[in-house]
Amino acid sequence: MSKQINVALIGNPNTGKTSVFNALTGLNQKVGNYPGITVDKKEGICKLSRGVKAHILDLPGTYSLNASSLDENVVIELLLNKNDKDYPDVAVIVSDVENLKRNLLLFTQIKDLKIPTILVINMADRMSRKGISLDIKLLENKLNTKIALVSTRKNEGIGDLKNLIENHKLLSTQPCLDTSTIDTEYFNSLKQAFPNQDLYKLWVVISQDANFGKIDRNELDFSKFKTKSKSELKRLQQKETIKRYQFINGVLKEGQTIDATKATGLRAQFDRILTHKVWGYIIFFFILLTIFQAIYDWASVPMDFIDSSFASLADWIKASFPGGGKLTNLIAEGVVAGIGGIVIFIPQIAFLFLFISVLEESGYMSRVVFLMDRVMRRFGLSGKSVVPLISGTACAIPAIMATRNIESWKERLITILVTPFTTCSARLPVYLIIIALVIPEGRFLGLSYQALALMLLYLIGFGMAVFSAYILDKILKTNRKTFFVIEMPSYKVPLFKNVALTVLEKTKTFVFEAGRIILAISIVLWIMASYGPGKEFNNAETIVEQTYPELQGEQLENKVAAYKLEHSFIGIVGKAIEPAIRPLGYDWKIGIGIVTSFAAREVFVGTLATIYSVGSALDDDDKTIKNRMAKEVHDNGDKVFTLASGISLLLFYAFAMQCMSTLAIVKRETNTWKWPMIQLFGMSLIAYVVALIAFQILN
Amino acid sequence: MPLTIADLKKGERATIIDSSSEDIPLKLLEMGCLPGNEVELLQVAPFHDPIYLNINDSYLAIRKETAALILIDIINE
């Protein structure tokens, strides 16, 4: 049995580390979570030769071993823990040929941990354009390593890298820097206190614990060692950085020549327009418009197809297994309807992540952050909040995770708290169906009222996010300093493979994560709607026949079904909450939809679909949920879905915090239940009040 | 009063002379914001904040308040 070689891919952000990972593993990759934290763990398998395989772990991008975020901390925790099952046999440091100097800082740190290390110099195809030439042999000697010159764009050098990984045993573990030269006195006392430990590792542990709280490291007992104050430690880290740059500059002076006259950069030309005080904002606005156009217009074609396919599938199941056994009904009304409710999101999620990943990969996203920082700061947010707020239009969960690179805690917290106000794709089916029901057809300046209503809802979502950020900024007090550093990567044409894999992976995660909840709820709902306690439910036929002796055939069946639903478990729950939602213009069936929506909003339409298909025998016209909803009437014969109740419902969904997964993520990211609870009650209260006012005025 | 990066005009270059303030994030130092290195102001957002710099061949943007902590000598060409 051959042992797998454990490889850790490490590198600065924007070095094409993910491209190298994709080139090595292709589709043999999966994304999971590190236990207990929400940092993505990407791993994959790479075949080397003769049945030798490598297990590749793509670690989060980091500029150095001095972690300042949870993501970066993952890298250090792994490299310090020899007992971790993923502890690397070899570390592969991915660097960008255009910024070798800065990339080598991290390289020297990893090397000093005495882990066998390979240096990948990526984007080699850009060398001639930038007038860069490298003396690889000399660099290998000076850095005591092996170098693979790679271009993932042209698919060059990956074979060399695989060879180096396979022969990792030949790599030297000679460190780059003598740690004790950073501060002779301090490090000598450290050496005396822990004679058996590696000095650099000790130093990383000490500076790490200063930032991230003590982690139980049983082999090290710092209790008897008098450590330094935080600011003294920072000074030492600064000294370490200077020392490392001295070493790197010395190496590059001989190993790298840059002929600036040959450098042709598009950066300056692009930046002149894209970060322009006027043009920059106009271009950004048009890009946003295109994204929305794609999500609402282009995505509607495959979505309609999916919708009708699932409706036919449910019919087909019912037709193929006649007799209407309980199981057939469960599958047709519960499971298929539930799965359809998930699958229908795929086109939109895919489009959104397509755009986001293209914008990220091309380097444009950083320019947006640059343009928006000042504006966002006025509302207590950061320029970096733009990415979560845009991602939030797909799903708040990845959006909240994307707040991690916001350095200032207050700005990050506010971003997390207000992101769920942006209109996520789960609200979309609710909006679409209600708009179709209550907003009249017709055009204003060539735009349909329905499209305008949808756009307005988006603006309301963003407006509320920004407004509440402004309020939170005034309320929340912090004495922590804010700071902000963002790298402006060079412009690149996005690699198709990277974009495709991102879209695939994000869509998959959404479908499976959200899908599980939706499916489970659909089944529970179906059961609750199909069974009931007491004789009213069980003797429905007799009771209805006695009360309405004149009814015959189909009409009778409908009445029985409706009576059963009213006395089923779900009907009882719905009736109980009806008094609370009546002032908003809703009946008990909508009430059930709202209650189940607290698990996940997208459940709403599925819930109504389940309730209405259980509650009526099917006519041909009534196959789509929309038609059934349009026919719903209150006991007094008034329509349930009117302009007033529809708008009230739209506003309720615009503001209410209805997503358990988001609450769970906020809890994990803020490490307390305080903030998710504030979101849940605060947002839902706003939703209730706004919906109440809207209904009472319009009715 | 010594000059800081916040005083730079678009297109101007300078040498960093001190970046030891407590409030400068370590990340900025690691990106090359260290004494002796060169810095060039490439672009400014409205209200001169944030500013887009080339420090030691790293392209990055920082806020004015941080820029005002980094002391420089302007290079006259």
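The values are calculated or read from the model by the stated rules, or taken from the named source; none is laboratory data. All values reported here derive from a predicted model rather than from experimental measurement. Heads up, the Cβs are rebuilt from the backbone with ideal geometry, glycines too, and the neighbour counts pull from every protein chain shown.
Structure summary
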item: Leading residue by the ranking (farthest from the chain's Cα centre (by Cα)) among those in region A:360-406 that are closer than 19 Å to residue A:473 by Cβ, of a type in the set (D, E, K, R) and buried (at least 20 other Cβ atoms within 10 Å of the Cβ); result: A:377
item: Number of positions in region B:53-64 that are out of contact with any Phe, Trp or Tyr (no Cβ under 6 Å at 6 or more places or on another chain) and either in a loop (DSSP other than H, G, I, E, B) or facing chain A (nearest Cβ under 8 Å) (or both); result: 6
item: Single residue of region A:86-106 satisfying the filter (touching a helix residue (DSSP H, G or I) at 6+ places or on another chain (Cβ under 7 Å) and within 14 Å of chain B (Cβ to nearest Cβ)) that is nearest to residue A:9 (Cα to Cα); result: A:95
item: Residues that are at negative phi, at pLDDT below 90 and away from every other protein chain (no Cβ under 14 Å), drawn from region A:48-72; result: A:48, A:49, A:52, A:60, A:70
item: Selected residue (only one of B:76, B:56 is farther than 23 Å from residue A:489 by Cα and either loosely packed, with under 15 Cβ neighbours inside 10 Å or touching a Lys or Arg at 6+ places or on another chain (Cβ under 8 Å) (or both)); result: B:76
item: Residue within region A:298-305 that is of a type in the set (D, E, K, R), in contact (Cβ under 8 Å) with a residue 40 or more places away in the chain and on the phi < 0 side of the Ramachandran plot present; result: no
item: Filtered residues of region B:17-36 (kept if touching a residue at least 12 places away in the same chain (Cβ under 8 Å), within 12 Å of chain A (Cβ to nearest Cβ) and outside any loop (DSSP other than H, G, I, E, B)); result: B:18, B:28
item: All positions within region A:490-504 that are away from chain B (no Cβ under 14 Å) and in contact with an Asp or Glu (Cβ under 9 Å, 6 or more places away or on another chain); result: A:493, A:494, A:495, A:498, A:499, A:502
item: Answer residue from region B:1-36, given it is over 14 Å from residue B:54 (Cα atoms) and within 10 Å of the chain's Cα centre (by Cα) and is surrounded by the most Cβ atoms within 10 Å (Cβ to Cβ) among those; result: B:19
item: Residue in region A:640-660 that is surrounded by fewer than 17 Cβ atoms within 10 Å (Cβ to Cβ), modelled with pLDDT of 75 or more and in contact with a strand residue (DSSP E or B) (Cβ under 7 Å, 6 or more places away or on another chain) present; result: yes
item: Residues of region A:357-371 that turn out to be free of Cβ contacts under 8 Å to residues at least 40 places away in the same chain and either more than 14 Å from chain B (Cβ to nearest Cβ) or farther than 19 Å from residue A:401 by Cβ (or both), as a count; result: 1
item: Top-ranked residue in region B:65-77 [being over 25 Å from residue A:276 (Cα atoms) and among the acidic types (Asp, Glu); ranked as nearest to the other protein chains (Cβ to nearest Cβ)]; result: B:77
item: Residue B:11 being at positive phi, in contact (Cβ under 8 Å) with a residue 12 or more places away in the chain and more than 10 Å from chain A (Cβ to nearest Cβ); result: yes
item: Unmet criterion (only one of (1) under 16 Å from residue A:374 (Cβ atoms); (2) within 9 Å of chain A (Cβ to nearest Cβ)) for residue B:6; result: (2)
item: Test: residue in region A:402-417 that is more than 14 Å from every other protein chain (Cβ to nearest Cβ), out of contact with any Lys or Arg (no Cβ under 8 Å at 6 or more places or on another chain), under 26 Å from residue A:73 (Cβ atoms) and at pLDDT below 85; result: yes
item: Candidate set: region B:37-50, residues that are assigned to a strand (DSSP E or B) and facing chain A (nearest Cβ under 9 Å); chosen: the one surrounded by the most Cβ atoms within 10 Å (Cβ to Cβ); result: B:43
item: Any chance residue A:474 is surrounded by fewer than 18 Cβ atoms within 10 Å (Cβ to Cβ) and more than 14 Å from every other protein chain (Cβ to nearest Cβ); result: yes
item: Single match in A:508, A:497 (criterion: part of a helix (DSSP H, G or I) and either touching a strand residue (DSSP E or B) at 6+ places or on another chain (Cβ under 6 Å) or closer than 18 Å to residue A:299 by Cα (or both)); result: A:508
item: Condition broken by residue A:452, with the remaining ones in (1) within 22 Å of residue A:303 (Cα to Cα); (2) buried (at least 20 other Cβ atoms within 10 Å of the Cβ) satisfied; result: (2)
item: Search result, residues across region A:495-522 that are at pLDDT below 80 and among the hydrophobic types (A, V, I, L, M, F, W, C); result: A:510, A:511, A:512, A:514, A:517, A:518, A:519, A:520, A:521
item: Residue identified as of a type outside the set (Phe, Trp, Tyr), in a helix (DSSP H, G or I), within 29 Å of residue A:678 (Cα to Cα) and touching a residue at least 40 places away in the same chain (Cβ under 8 Å) among A:434, A:471; result: A:434
item: Subset of region A:533-562 [surrounded by 12 or more Cβ atoms within 10 Å (Cβ to Cβ) and either free of Cβ contacts under 8 Å to residues at least 24 places away in the same chain or at positive phi (or both)]; result: A:538, A:539, A:541, A:543, A:544, A:545, A:548, A:551, A:555, A:556, A:559, A:560
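Let's see how each residue does on (1) without any contact (Cβ under 8 Å) to a residue 12 or more places away in the chain; (2) crowded, with 20+ Cβ neighbours inside 10 Å; (3) within 32 Å of the chain's Cα centre (by Cα):
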{"site": "A:119", "(1), (2), (3)": "no, yes, yes"}
{"site": "A:130", "(1), (2), (3)": "no, no, no"}
{"site": "A:134", "(1), (2), (3)": "no, no, no"}
{"site": "A:142", "(1), (2), (3)": "no, no, no"}
{"site": "A:147", "(1), (2), (3)": "no, yes, no"}
{"site": "A:152", "(1), (2), (3)": "no, yes, yes"}
{"site": "A:155", "(1), (2), (3)": "no, no, yes"}
{"site": "A:161", "(1), (2), (3)": "no, yes, yes"}
{"site": "A:166", "(1), (2), (3)": "no, no, no"}
